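So the structure is just underneath, and the comments pick up after that.
Read-outs throughout are calculated quantities, based only on the coordinates presented, and are distinct from any laboratory measurement. Since the structure is predicted, the reported quantities are computational estimates derived from the model, not experimental observations. As a convention, Cβ positions derive from the backbone with ideal geometry for all residues, glycine included, and neighbour counts pool all protein chains shown.
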Amino acid sequence: MTADTPAADRDGLLATAVRLRESGRREEAREILVSLAARLPDDVEVAYQTAWVHDTLGLEAEAVPYYVTAVSGPGLSAEERSGALLGLGSTYRALGRYPQAVATLEAASAEFPEDAALRAFLAMALHHVGRGKEGIELLLGLLATTSNDPQISAYRPAIEEYAKDLDATF
């Protein structure tokens, strides 16, 4: 905390901004968060919430530095960290920064191997860097392991085999 932003003020402002974002009043939330982030530039939680609100407003380029700060140090819960990494990787992809998207999402998927959403976004990013086969294999693996659809379940063994190598023949 800084001298002009006691912990109680920080927590109250952060909670207010999150409520505003969740209720659809994103621009008001953004104003609070940008001001708070300026006063607390190393606060990873404030940075994460500031990045998130920029993303929801379609301000991806403005979200990036906040996401970078959010994932640069300790302080986020595992759920928040995986969300921040997904947000950063997805934002890089949306901005056409495909190699950065792949690098971010590969590292995030290694850190959080159980997070299927990270792998889905990684598959999209892989497509953009010419690694589409790998992306499809990743998506097939996700489909096989996460679908409850009875028709998918019936073919799960075959789908899992193709997920290992799409070009294989059986």
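With a/c under 1.5 counting as rounded, go ahead and sort region 110-170 into rounded, prolate or oblate using the C-alpha gyration tensor (a ≥ b ≥ c being the square roots of the eigenvalues; past the cut-off, prolate if a/b is larger than b/c, else oblate). It comes out oblate by the Cα gyration axes. In degrees from 0 to 90, rounded to the nearest 10, what is the angle of the helix 44-56 Cα long axis to the longest principal axis of the chain? That works out to roughly 70 degrees. Centre-to-centre, using Cα atoms only, region 131-170 and region 9-50 are separated by 41 Å.
Once you order the gyration tensor axes a ≥ b ≥ c over the Cα atoms, which shape class does region 38-91 get: rounded for a/c under 1.5, otherwise prolate or oblate by comparing a/b with b/c?
Values: a/c = 1.89, a/b = 1.19, b/c = 1.60.
Oblate.
The packing ranking of peptides 102-112, 21-31, highest mean first, is 102-112, 21-31, where packing means the average number of other beta carbon atoms within 10 angstrom of each residue. Compute the acute angle (0 to 90°) between the alpha-carbon long axis of helix 7-22 and the principal axis of greatest extent of the alpha-carbon atoms of the chain; round to the nearest 10°. Approximately 50 degrees, to the nearest ten.
If you average the C-alpha positions of region 70-95 and of region 104-128 separately, how far apart do those two centres end up, in angstrom? About 12 Å separates the Cα centre of region 70-95 from the one of region 104-128. In degrees from 0 to 90, rounded to the nearest 10, what is the angle of the helix 98-111 Cα long axis to the longest principal axis of the chain? Value to nearest ten degrees: 90. When each of the peptides 77-83, 118-124, 91-97 is scored by the mean number of other C-beta atoms lying within 10 Å of its residues, the order from highest to lowest reads 118-124, 91-97, 77-83. Is the shape of region 1-76 rounded, prolate or oblate, going by the alpha carbon gyration tensor and its root eigenvalues a ≥ b ≥ c, with a/c under 1.5 for rounded and a/b larger than b/c for prolate? Note, shape of region 1-76 comes out oblate.
Every helix of 4 or more DSSP H residues in the chain counts as -39500 (n - 2.57), and over all residues that averages to -23500 deg cm²/dmol at 222 nm. This ranking places His127, His54 by how few other beta-carbon atoms lie within 10 Å of each, fewest first, which gives His127, His54.
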